[in-house]
Every structure is written in structure tokens, then in C-alpha cells.
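Everything below concerns the one structure shown next.
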Amino acid sequence: MFEKIFKLSENNTNVRIEVVAGITTFLTMAYIIFVQPTMMSHSGIDFGAATMATCLASAGATLLMAFWAKYPIALAPGMGVNAYFAYTLVPALVQAGYDEPWQIGLGVVFVAGLMFMLLTAVGIRETLMNAISLSMKNAIAVGIGMFISFIGLKNASVIQPHDATYITLTDKFLSPDLLVFFVGLLVAAACHDRGVKGSILIGIIASFVTAVCLKFGLPAMGYGDAEFVAQSQLMTSFQLDAVVTKGVVETPPSIGPTFMAMNIGDVFTQFVFPFVIIFLFIDMFDTMGTLIGVSEQAGFTKDGKIPRVGKAMGADAIGTTVGACLGTSTVTAYIESAAGVEQGGRTGLTAVVVAIGFLLAIFFTPVVEIIASYPAITSPALVIVGAMMIRNVTRIAWDDYSESIPAFLIIVGIPFSFSIGDGMAIGFIAYPIIKLLAGKVRQITPTTAILAVLLLGYFIFLRAKF
């Protein structure tokens, strides 16, 4: 059945590889099950309902990606855009005097989802994807590789904020968090080099076992009160006792408080509607970046184009619309899917496994919470995948500065702006301008020119603060 639906042999994979890839992807993104409801609760949404909405929306959109687009790409409420929802959109609506701020926020997401669907149906999003040059596509993959590596290092506390230099290497070299991270990283890297199947998953398991041993071992050895131990994420965040206090299985919360609660009527006002455009742009370019990055890594790109890209984007658009109906912010493709792809996932079966993980999480939240509560366990996977994605840098036309400079702006823009969409936009704006000034007008397509103008207007009129 799996062979018939997903053409496993044609894609040089099998059920075991796809299952391992799906588990790997799910574990690296399981944090969203707890982070998303926390974000949504800050805007007034019921935590339990937001948890159900997150799991159901993620599972539904990922299954749609699996069976319709047949890609090993998982979807869930996007990080960044959820913060924008909770800490910018809803407070702005409250300050403006609206009575149902989070309900209107969900209405904004719903309308943006409908616009995603319209743009996908008429082929505009696919046209934009195909208009991006090969160098720019590979730059996006490299930039995303650097981005997720940066996230991994940050989440594991290997790097930390600094007032003068913005970021710096941690000075907590005795922290158990670093040991947990580096055990997973080194084990995964060694297994990967030896050609061991499931190397990243093995690294995650190694980190988990190390974390459990340190959680119990350090206090037993008398180091529990030591500052470098007591202040570590291992002691403050690792919820190893979740299963003990809650049990393995937990009754799912009700989705009633958020189901179909969005307020659409107030969206079409002069104050609110610009937020729809902002959500549209953020999701459009985040999704484009993720699809390009994962496709380049997996070798899906053919003649500079991604097969079935319209269906992949359609899954994202429908996921956003349905997610708003359930009670969560914009659903988008997750770059953590690259972890599963690096483990050999090549078909929609990988996404099916991820979707099953989200559905099971509804009942087994204490178990999932153990892994998701401690980023140092899954951070090695992000760094390993980032290292694999960097290899696309050799496919950029470095001798053509009208290609390489915009590509470089994307490479540094994505991690430095901490946003796939914003980093891509910097390169997209620069691309036709450099081509024009270099006298290569014929290489500027109408699509790239229009895109640059739209993005420039978006930053000036919607994102700029006067």
C-alpha cells in the first residue's frame, strides 16, 4: 500500500527509513506543542484549547502535505508569526479599543489563509518560486542552514546574548547543558560519517540518556546546589517528572473555547486589514524559503523548479485557514523537516509519521513534554542538518557578482535577521537593482522586478516605524 501511494522504491527509500525520518522530524519540532499554547495564552486564548488546536492543525496540514503534495515536509503554527500575533497584533487591537481582540486576530489569520489559497490557485506563488534564480535558491538553502544551526546553538546555550557584541560564546563551560548538547552532536556526527542509518535520531537518544543520567546523578554526587548546575536548563526546564506527576496518558482538553471563534467582520476595517497583508507576506516567504531549502537538500529540484510546488503551497494555505478555525495562528512549513530529509525521508510517508506524532501527543503530552521541555536534546540535530545544508554554497555563481552579492545578502540576512522571510526579502530587493546598475537589464524578469517593488513597499509602509 505504501509503495503504491508514495512510490518508495522510485524515491530510493523504504518504510523503515521513512519512519525513522518522521520520528526525527517530529522530535525536533515537538516543542511547538507547548510553546504555541503558551504564546496564544498570552493573547487571552485558553491554553488547553490552544494545545488541541496546535496538534489538530499541525496533523491535518501535515497529512495534506503527505497525501496531496507527497513531500516529507511537516507543518505547524509558525514561530515568529505566533509572537507577532500575541505581542503585536492583539495588543494593538486592545489599544485600539476592540472588544474581541484575539477573536479578530484569528479572523486576520483566516482571511490571510484565504488569500494564500487564492494566490496559490491562480499560480502567483508558483510563479514567484520559479522566478528565483538557481544561485538565489541555493543561497536560501545555505542561509536556512546557518539559521537553524544558530537556533540549535542558542537553544543549547552554547552561545548567549552580549551587550557589546550582541552574541558571544557562553562562559558557563561547566554547565551540564553543554555536555548534553555535545554528546548528541558528536555521536550523531560520528554515526553520520560511518553511514549509520538514523544517525540524527541516535544522537537525540544519546542526548536524552545523558540528560537523564545527569538529572539524577549530579544531585546524588552532591552537585545539585552548585550554581553551574542549579541554574542550568537541565534543572530548571527538563520536565523529567512530568510522567510521574501527570502519568503517561492525559485526558485531552476541550477545543470548544476557540473552535470557530474568529471574528471576520472587524477584519475589513482600515485599522485591521493591513495586518492581513503583513501575515500574508510573512507566511508566503517563510514557506517559500522552507520549500526551497528542503527541496535543494533532498534533491527534489529539477531544472531549477520544484515539482508539485503548487500543491505544497496549497497545503500550507489550507492549513492556515483551518488552523484559524480551530484557534491557532498561521500554520506553515517547518524547516525542522530538513532533519528528517537528512535521515533519508523522501516521500509523504515521512510526513504521515509526523502527523501521527501530533495526534498521539494529544493523549501523551507528558511523554512529549519530556523531550520538548529541554532544547539541548534536539539542538544537535539542528546543527548537523545546518552543516549538511551549507554544501549548497558551491552551487552559487560566485564569479557573477550580480548573482553572488544578492545571494550573499540572503545567506547572511536569514540568520542575522532571525527570519527566513526577511532575509530572503533583502536579497530579492537587491537582485534587480544590482542587475540594472550592472547593465544586465535583460536578466531582470518582470516577476523579480515587481517582487522587489512590492517588498520595498511592504517594508516602508507596513513594517517601518515612524
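A short reminder: the numbers here are calculations on the coordinates, not readings from a lab. Everything quoted here is computed from the prediction, not taken from an experiment. Every residue, glycine as well, gets a Cβ built from its backbone with ideal geometry; the counts of neighbours run over all protein chains shown.
Mean residue ellipticity at 222 nm, helices only, the chain: -19500 deg cm²/dmol; runs of at least 4 DSSP H residues each add -39,500 (n - 2.57), and the sum is divided by the number of residues.
What does the charge count around Leu128 come to, taking other residues whose C-beta lies under 14 Å from its C-beta (Lys +1, Arg +1, Asp -1, Glu -1)? Overall, the nearby charge balance is -1. Using every pair of alpha-carbon atoms in segment 66-177, split the distances into 10 Å bins beginning at 0 and state the percent of pairs per bin, rounded to integers. All Cα pairs, binned at 10 Å, distribute as 10, 22, 30, 27, 11, 1 percent. Of the peptides 308-316, 326-334, the order by per-residue mean of other Cβ atoms within 10 Å, starting with the highest, comes out as 326-334, 308-316. When only the Cβ of Lys, Arg, Asp and Glu is charged (+1, +1, -1, -1), the dipole of segment 325-464 relative to its Cα centre reaches about 360 debye. Too long at a 31 Å Cα-Cα cut-off: which of Lys305/Lys435; Lys137/Lys172; Lys154/Lys215; Lys137/Lys311? Result: Lys137/Lys172 exceed 31 Å.
Sorting Ser254, Ser9 by the number of Cβ atoms found within 10 Å of their own Cβ, with the fewest placed first, yields Ser9, Ser254. For segment 1-145, the percent of C-alpha pairs falling in each 5 Å distance bin, counted from 0 to the bin holding the largest distance, reads 2, 8, 12, 16, 16, 17, 15, 8, 4, 2, 1, 0.
Taking trypsin sites (Lys or Arg not before Pro) across segment 1-50, the ones in a DSSP loop with at most 15 further Cβ atoms lying within 10 angstrom of their Cβ are Lys7.
Would you mind classifying the chain by shape? Square roots of the alpha carbon gyration tensor eigenvalues, ordered a ≥ b ≥ c; an a/c under 1.5 is rounded, otherwise it is prolate if a/b is larger than b/c and oblate if not. Rounded. The phi torsions of segment 357-372, fed into the Karplus equation with coefficients 6.51, -1.76 and 1.60 and a -60° offset, translate into couplings of x, 5, 5, 5, 4, 4, 9, 10, 4, x, 5, 5, 4, 4, 6, 5 Hz, rounded to whole numbers, with Gly and Pro shown as x. For Ala76, the residues 5 or more places off, or on other chains, whose built amide H falls under 5 Å of its own are Thr332, Tyr334.
With all projection directions averaged, the alpha carbon convex hull of segment 76-119 covers 3.4 nm².
Each residue, Val212 and Leu436, gets one label point 7 Å from its Cα in the Cβ direction; the gap between the two is 6.1 nm. When the P(r) of segment 341-462 is calculated, the portion above 24 Å amounts to 51% of the C-alpha pairs. With 0.36 nm allotted per residue and the present C-alpha distance subtracted, the Phe416-Ala190 stretch has 78.4 nm of extension available. Could you tell me which of Val272, Ala96, Leu409 has its Cα farthest along the dipole of the chain towards the positive end, charges placed at Cβ (Lys, Arg +1; Asp, Glu -1), taken about the Cα centre? Value computed over the given set: Leu409. With the charge dipole of the chain set up from +1 on Lys and Arg Cβ and -1 on Asp and Glu Cβ about the Cα centre, the Cα lying farthest toward the positive end among the listed residues Thr168, Ala452, Ala206 is that of Ala452. Each of Gly143, Pro380, Val109 was placed along the dipole of the chain (beta-carbon charges, centred on the mean Cα), and the one lying farthest toward the positive end is Gly143.
Counting Lys +1, Arg +1, Asp -1, Glu -1, what net charge surrounds Ile444 among other residues with beta carbon under 15 Å of its beta carbon?
+1
Residue exposure proxy: Met29, Met221, ordered by other Cβ atoms within 10 angstrom of their Cβ from fewest to most, comes out as Met221, Met29.
The ellipsoid that matches the Cα gyration tensor of segment 195-308 has semi-axes, each √(5λ) in whole angstrom, of 41, 28, 17, with the longest given first. The distance between label points at Met235 and Thr447 comes to 5.6 nm (points 7 Å beyond Cα on the Cα→Cβ vector).
Taking neighbour Cβ counts within 10 Å as the exposure measure, how do Leu291, Leu462, Leu218 sort from fewest upward?
Fewest to most other Cβ atoms nearby, the residues stand as Leu462, Leu218, Leu291.
The charge dipole of the chain, taken about its Cα centre with unit charges on the Cβ of Lys, Arg, Asp and Glu (plus for the first two, minus for the last two), comes to roughly 1220 debye.
For the peptides 405-412, 374-381, 335-342, residues were scored by their other Cβ atoms within 10 Å and the scores averaged per peptide; the highest-first order is 335-342, 374-381, 405-412.
Local charge sum around Asn263 (other residues, Cβ-Cβ under 14 Å, Lys/Arg +1, Asp/Glu -1)? Value of the local net charge: -3.
The loop-placed chymotrypsin sites (Phe, Trp or Tyr not before Pro) in segment 164-234, going by DSSP, that have at most 10 neighbouring Cβ atoms within 10 Å of their Cβ come out as Phe173.
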